[in-house]
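Step one of this worksheet: look at the structure below.
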Amino acid sequence: MSDQRRLELIDENPIGKGLDAFRTLFTSVCSNRNVTFTACTLGQLSNEDLRNPALVLLPSLRSLPVSGLLISTTGSNTLRTDLLRLISAVASDDFDFDRIIPLL
């Protein structure tokens, strides 16, 4: 899939309010830990603090229509399939959260 087509699909399928639940939960976690809600302060949160918002974010992204339209850059599956694998990995006890901090 060309970069242009990927951009068109993303533009044609906006997220809208699809991430509101994640934003609310993540803001609450940061507030409870007295941490400012910025990317620079994510290192101050524990894995468990990051796991719960991630387990809200990833299914939210997976449920967006565009996730079933975008072809994965890692193979022939869609982004939706990759997100399902990532959800399973995040739920495990030995997941390295540094891998997904850019998503958060």
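The table below lists the values:
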| read-out | value |
| --- | --- |
| Sole residue being within 12 Å of the chain's Cα centre (by Cα) and either of a type in the set (Asp, Glu) or exposed (fewer than 13 other Cβ atoms within 10 Å of the Cβ) (or both), chosen from Ser63, Ser88 | Ser63 |
| Candidate set from region 42-93 (those that are of a type in the set (Ser, Thr, Tyr), touching an Asp or Glu at 6+ places or on another chain (Cβ under 9 Å) and not in a helix (DSSP H, G or I)); member that is modelled with the lowest pLDDT | Thr74 |
| Single residue of region 7-41 satisfying the filter (hydroxyl-bearing (Ser, Thr, Tyr), under 13 Å from Leu104 (Cα atoms) and part of a helix (DSSP H, G or I)) that is modelled with the lowest pLDDT | Thr41 |
| Residue list for region 33-50, filter: of a type outside the set (Asp, Glu), surrounded by 17 or more Cβ atoms within 10 Å (Cβ to Cβ) and free of Cβ contacts under 8 Å to residues at least 60 places away in the same chain | Leu45, Leu50 |
| Positions within region 38-48 being under 16 Å from the mean Cα position of the chain (by Cα) and over 13 Å from Val90 (Cβ atoms), in sequence order | Thr38, Ala39, Leu42 |
| Residues (in contact (Cβ under 8 Å) with a residue 12 or more places away in the chain and either among the small types (Gly, Ala, Ser) or surrounded by 17 or more Cβ atoms within 10 Å (Cβ to Cβ) (or both)) located in region 66-85 | Val66, Ser67, Gly68, Leu69, Leu70, Leu79, Arg80, Leu83 |
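The values are calculated or read from the model by the stated rules, or taken from the named source; none is laboratory data. A quick note: this is a predicted structure, and the numbers were derived from the prediction, not measured. FYI the Cβ positions are ideal-geometry reconstructions off the backbone, even for glycines, and counts take in every protein chain you see.
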